[in-house]
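The values are calculated or read from the model by the stated rules, or taken from the named source; none is laboratory data. What you are looking at is a predicted structure, and each value in this text was computed from that prediction instead of being measured. Here the Cβ positions follow ideal geometry from the backbone for every residue, glycine too, while neighbour counts run over all protein chains shown. What goes into the accessible areas is simple: the full protein's heavy atoms, side chains included, and nothing from ligands, DNA or RNA. Shrake-Rupley method; radii C 1.70, N 1.55, O 1.52, S 1.80 Å.
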Amino acid sequence: MEHVFDRLSPEEKKRAEALGEEYISFLTEAKTEREAVEYFLKHLEGAGFVEGDSEKGFLNYKDKFLACWRQGERPLKEGLKIIVSHIDTPRLDLKLHPLFEEMDLAFLKTHYYGGIKKYHWVAIPLALHGIVVKKNGEKVKIVIGEEEKDPLFTICDLLPHLARKKQEEKKLGEAILAENLNLLIGGIPLEKSPKGKKEEKERVKKKILQLFKERYGIEEEDFTSAEIYAVPAGKARWVGLDKAFIGGYGQDDRICAFTSFKALLTTEKPKYPNLVIFMDREEIGSEGNTSAKSRIFEGLIYELLKKAKIDPTPDNFFEVMMRTKALSADVTAGIDPIYIEVHDKLNDAKLGYGVVITRYTGHGGKYMANEAHAEYVAYLRNIFEKNNVVYQIASMGKVDEGGGGTVSKYFASYGMDIVDIGPPLLSMHSTFEIAHIGDLYTTFKAFEAFLKS
Ligand code: MN
Ligand code: MN
């Protein structure tokens, strides 16, 4: 094992820092899967990619699944090089009927998405990101809480003085209840109507609805056809006096989305056709038609076969799939020395020691895991060593300590070789995740070496 900073030349250190700056603006700009797709589309156009093109093309499905490809020197029949990552992140979704008033305070109810620790989400600044689709199909984009002049939102927590029985004596997971994750959104009552003799009810809620109507043209019932998420407000930032780290929301898995996208753009003449995919719904088990479990990927390959004048028959499809090599680009847990007891020091990943090949995840006896074959791991080691990529090969946590899953098993079902790979994070799945700049840089280098080879 070697520290990335013992291996980088002074020029490479500068390149790593520049990549870090660009990554920070990406994280700041793209906090939802739709915003990530929007960001990539903007940069794809600049790089000469054309929707549906056979040479350098992309497919955007429902603004949540994006696939970008580039032809290689070798024909498609010999297989593809695929990198797949996910662009959804744990967050708080507004409920379908979110708005209520209690004691002259207005709140928005939420339903969390993905694996969160609920206590991370209270008493911090939150922004609202998303869309509202009106009955007539008109889409209203909403981002509130990111500009300096914007108001923001928060979920209030109980003061320590009164929290002893309600929180302090409880288990951590039970101290904050999902149904209590309500965003504070208003506290000024609507002006009383002049002739109103009878007591008007819920005037604070009415005032909030009036503001939504004035500013966004939306009615209360429009929330039923909306996707609005509460996410941590503010920018991603450098962390540490030495700027060793990048801190920000949603690095699982936008760090892999960003680095694989950059690698696609810099790989101008790949040997095999390149396909870089950004998927949705990974954090809830890859359900739905924009996820890895849907057959949208299969449909995409049929399209690419047709573009290459190959009949999209099952045998042609499987022939290409069995010759395809793929990376499931996703983050892993870095060893946190403060909680060393959950880790296997010998086998887990360390921050600053490069991109991590995670041969298997799963839990309790490799259950539900896609374990990459020895031959494929050796193949990747060879590529990385030839290209001077600093990498580590690791597992995640002690056996029987917990576990997790990625999209790799869904892609493996088509017959391709695939392994999980990505940088290690600290505070993974929190509202402020931490990545090491050296790992960001080597993740990009690894993806570039893979796509080119
Ligand atoms: Mn992930
Ligand atoms: Mn995750």
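For the reader, a short list of remarks on this structure follows.
- Of the residues S408, I301, G187, the one whose Cα sits farthest towards the positive end of the charge dipole of the chain is G187 (charges of +1 on Lys and Arg Cβ, -1 on Asp and Glu Cβ, taken about the Cα centre).
- Our helix-only sum for the chain, with -39,500 (n - 2.57) per DSSP H run of n ≥ 4 divided by its residues, gives a mean residue ellipticity at 222 nm of -8500 deg cm²/dmol.
- Charge dipole of the chain about the Cα centre (unit charges at C-beta), most positive-ward option of G217, V320, P232: G217
- Neighbourhood charge, 14 Å Cβ-Cβ cut-off, centred on S54 and excluding it, Lys, Arg +1 and Asp, Glu -1: +1
- Ordering of 407-414, 219-226 by burial proxy (mean other Cβ atoms within 10 Å per residue, highest first): 407-414, 219-226
- Per residue, in Å², the accessible surface of segment 284-429 once ligands and nucleic acids are set aside, probe 1.4 Å: 47 Å²
- Each of P98, V122, H3 was scored by the projection of its Cα onto the charge dipole of the chain, and the greatest displacement toward the positive side belongs to P98; charges sit on the C-beta of Lys, Arg, Asp and Glu.
- Calculated from backbone phi, Karplus (6.51, -1.76, 1.60) coupling profile of segment 138-154 in Hz, x at Gly/Pro: 5, 9, 10, 7, 10, 9, 10, x, 9, 7, 3, 7, 5, x, 10, 10, 7
- Sorted peptide list for 117-126, 86-95, 147-156, criterion being average Cβ within 10 angstrom, highest first: 86-95, 117-126, 147-156
- Straight-distance candidates among the aspartates and glutamates for linking to K366, with alpha-carbon spacing under 16 Å and chain neighbours fewer than 8 residues away dropped: D344, D348, D400, E401, D420.
- Shape class for segment 1-113: oblate, because the ratio a/c of the largest to smallest gyration tensor axis (alpha-carbon atoms, square roots of eigenvalues) is 1.5 or more and b/c is at least a/b.
- Neighbours of E73 by Cβ distance under 9 Å: Lys/Arg scored +1, Asp/Glu scored -1, total +3.
- Helix 10-29 and the longest principal axis of the Cα set of the chain meet at an angle near 40°.
- Dipole in debye (nearest 20) - segment 91-232, about Cα centre, beta carbon charges: Lys, Arg +1; Asp, Glu -1: 320 debye
- R164/V399 FRET efficiency (R0 30 Å; Cβ-Cβ; nearest 0.05): 0.20
- Of the Cα atoms belonging to segment 91-232, the radius of gyration and Dmax stand at 16.6, 53 Å.
- Segment 91-232: relative contact order in percent, alpha carbon pairs under 8 Å with at least 6 residues between: 38 percent
- Surface composition of the chain: carbon and sulfur atoms hold 52% of the protein heavy-atom accessible area at a 1.4 Å probe.
- Cβ crowding within 10 Å averaged over residues, with 296-302, 238-244, 12-18, 319-325 ranked highest first: 319-325, 296-302, 12-18, 238-244
- About the centre of its Cα atoms, the chain shows a dipole size close to 520 debye [charges on the beta carbon of Lys, Arg (+1) and Asp, Glu (-1) only; nearest 20 debye].
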